[in-house]
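Working notes, structure below.
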Amino acid sequence: MAASYDYEDAPSRHDEETGPQGYDPNFVPDSVKSFVTHLYRHIREKNVYEIHQMYETSFQTLSDHLFKDTPWPSVDAVANYVDNDHVFCLLYREMWFRHLYARLSPTLKQRIDSWDNYCSLFQVVLHGVVNMQLPNQWLWDMVDEFVYQFQSFCQYRAKMKNKTEQEIALLRQFDQAWNVYGVLNFLQALVEKSSIIQILEQEKEGIEQFTATDGYDYSGGSNVLKVLGYFSMVGLLRVHCLLGDYHTGLKCLLPIDISQQGVYTSVIGSHIATIYHYGFANLMLRRYVDAIREFNKILLYIYKTKQYHQKSPQYEQILKKNEQMYALLAICLSLCPQVKLVDETVNAQLREKYGEKMARMQRYDDEAFSLYDELFSYACPKFITPSAPSFEEPLVNYNQDAYRLQLKLFLYEVKQQQLLSGVRTFLKVYSTISLGKLANYMEVDEPTLRTILMTYKHKTHAVDSEGKIISNADVDFYIDEDMIHVVDTKPVKRYGDYFLRQIVKFEGVINDMDRIKLE
């Protein structure tokens, strides 16, 4: 079992000097000494189970008890307890900065120092000899936090109005800190140096074993570079989504087959982040069917497993992403009503949360437009403008520019779909109808109707990642001379889900009855 730590040695010190003002970076409580020495030993011994327990449980417990509103002791203060090991000190600082971002508000200097630490850490992984096995959770958190801090820095830098002269001077001096090319280069370098794309290809041929071992190396080697390279593909998808380059983002994720279980599903945060950004990118590229299919799977998975993550530090984030993905699914189904792709359990939850709004969104009036705006704004990523600010007076904030542009593009797409709502209604009623008759019903002339039908074809088809044209249409048609022939796809009724839900409910009732003690 993981080592336990005594928390009684430091609270008195902490109580006397609460808050960052009273923080002494050189004071190391005994429990922290014990924590770093044990963690250092387990890393040297490649004891992944103990490292994971300490990283996931002990670090969080110590943070809650001793460092709720202050940083952890400085790396210089703990270095003596770990033989001044360079790599361990980089790992400790990575955790130190992550705690700082989560609990406090980092200064500009601390943001820059964190960038320098990531540069040093990734340089060691890329160009040094790293003989460690670290838990997938930690390796995912490194990539996740790296991208988050880049996003946070871009948002911070874009708020220029209230910057002090000292902050502006620092921004000028350290203009390469969190540079978008630097971030992309590190992630791409990790993908390439790890040879992860080749490893995944060889795995399909049965030569390599990566997914089967969850990326761990049981022959005494290291999993760090390979797994960082793997998660960096998800990191690249996320960065490109933040930049609004959805096509490139999905291209970066191609080596991972998300239709199958993989290393990305071994960590709940990675699983959710992958599908959230994958689904959002497909939504923006009009590949609604792909987005609906993956949102449905992940929402069903969260529904079934979220109770097991209640004690996890990621639990709140899981619930937030869950709600955002329901909002994105509501948008997808309003633009592309493919309800047959959605599981009954997910559909029931969706109707409960957004049923009324989705009915109003079908009308395509101003109210519907404002609902699309509301759901998109709630569920979209925090888009960034990666370019450096203008330091010329007057200083202006531009942190909302990227979001406004993406919202404008999305709403423009929704506006174009207004034409299609009437066409879909009529096509659902008829199996064949003449062009003249439909034009008469829609109160337009025949050339205009042909244009509308071409628009419908265009908007209900998209190009997939392999360059093939795919259909999103729930109702399709073809024109033979002057007759429109409708091809309606009848959904297959599935009764299995209904019986499974009733069985689960019945088992719950039986368990409740078993717990009742009869007098």
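The values are calculated or read from the model by the stated rules, or taken from the named source; none is laboratory data. Since the model is a prediction, treat every value here as computed from it, not as a measurement. Note that each Cβ is placed from the backbone with ideal geometry, even for glycine, and that neighbours are counted across all protein chains shown. The protein model used for the area step is the full one, side chains on, heavy atoms only, and it has no ligands, DNA or RNA in it. Shrake-Rupley method; radii C 1.70, N 1.55, O 1.52, S 1.80 Å.
Do we have Ala169 as within 29 Å of Leu39 (Cβ to Cβ), among the small types (Gly, Ala, Ser) and at pLDDT 90 or above here? The answer is no for Ala169. Mind listing just one residue for me: the one in region 41-85 that is assigned to a helix (DSSP H, G or I) and acidic (Asp, Glu) and, of those, least open to solvent (accessible area, probe 1.4 Å)? Once the filter is applied, the top-ranked residue is Glu50.
The residues in region 217-227 that are open to solvent by 10 Å² or more (accessible area, probe 1.4 Å) and touching a Gly at 6+ places or on another chain (Cβ under 8 Å) can be counted, and the count is 1. The single condition among (1) under 20 Å from the mean Cα position of the chain (by Cα); (2) open to solvent by 40 Å² or more (accessible area, probe 1.4 Å) that Ile331 does not satisfy is (2). Looking only at region 124-177, count how many residues are over 28 Å from the mean Cα position of the chain (by Cα), in a helix (DSSP H, G or I) and among the small types (Gly, Ala, Ser). The total comes to 1.
Taking each residue of region 89-118 that is under 19 Å from Glu167 (Cβ atoms) and looking for partners that are part of a loop (DSSP other than H, G, I, E, B) and of a type in the set (Gly, Ala, Ser) with beta-carbon atoms closer than 8 Å, six or more apart or interchain, yields Arg111/Ala177; Ile112/Ala177; Trp115/Ala177; Asp116/Ala177.
Screening Lys340 with (1) closer than 23 Å to Phe376 by Cβ; (2) surrounded by fewer than 16 Cβ atoms within 10 Å (Cβ to Cβ); (3) not aliphatic (A, V, I, L, M) gives one miss only, at (1). In this structure, does Thr107 turn out to be open to solvent by less than 10 Å² (accessible area, probe 1.4 Å) and not basic (Lys, Arg)? Answer is no for this residue.
One residue is enough: does region 243-263 have a residue meeting the conditions out of contact with any helix residue (DSSP H, G or I) (no Cβ under 8 Å at 6 or more places or on another chain) and of a type in the set (Lys, Arg)? Yes, there is a match, as at least one residue in region 243-263 is out of contact with any helix residue (DSSP H, G or I) (no Cβ under 8 Å at 6 or more places or on another chain) and of a type in the set (Lys, Arg). Criterion applied to Lys382, Lys353 was being of a type in the set (Lys, Arg), under 22 Å from Leu237 (Cβ atoms) and assigned by the TED database to the domain that holds Tyr303, and the one residue passing it is Lys382. In region 265-277, the residues that are farther than 21 Å from Leu243 by Cα form Cβ pairs under 8 Å with partners that are of a type in the set (Gly, Ala, Ser) and surrounded by 23 or more Cβ atoms within 10 Å (Cβ to Cβ), at six or more places apart or across chains, as follows: Ser266/Gly215.
Lys320 meets the conditions (1) basic (Lys, Arg); (2) under 12 Å from the mean Cα position of the chain (by Cα); (3) buried (at least 17 other Cβ atoms within 10 Å of the Cβ) in every case but one. The failed one is (3).
A single member of Leu438, Leu420 is touching a strand residue (DSSP E or B) at 6+ places or on another chain (Cβ under 8 Å), on the phi < 0 side of the Ramachandran plot and at pLDDT below 85, and it is Leu438. Of the residues making up region 372-390, at least one is under 17 Å from the mean Cα position of the chain (by Cα) and among the polar types (S, T, N, Q). Would region 384-396 turn up any residue that is among the acidic types (Asp, Glu) and over 30 Å from Lys320 (Cα atoms)? Looking through region 384-396, at least one residue is among the acidic types (Asp, Glu) and over 30 Å from Lys320 (Cα atoms).
Taken together, the residues in region 325-343 that are touching a residue at least 60 places away in the same chain (Cβ under 8 Å), assigned to a helix (DSSP H, G or I) and within 16 Å of Leu299 (Cα to Cα) amount to 2.
For region 144-192, taking the residues that are over 30 Å from His127 (Cα atoms) and of a type in the set (Ser, Thr, Tyr), the one that is least open to solvent (accessible area, probe 1.4 Å) is identified as Tyr156.
For region 193-216, taking the residues that are touching a residue at least 24 places away in the same chain (Cβ under 8 Å) and not in a loop (DSSP other than H, G, I, E, B), the one that is surrounded by the most Cβ atoms within 10 Å (Cβ to Cβ) is identified as Ile196.
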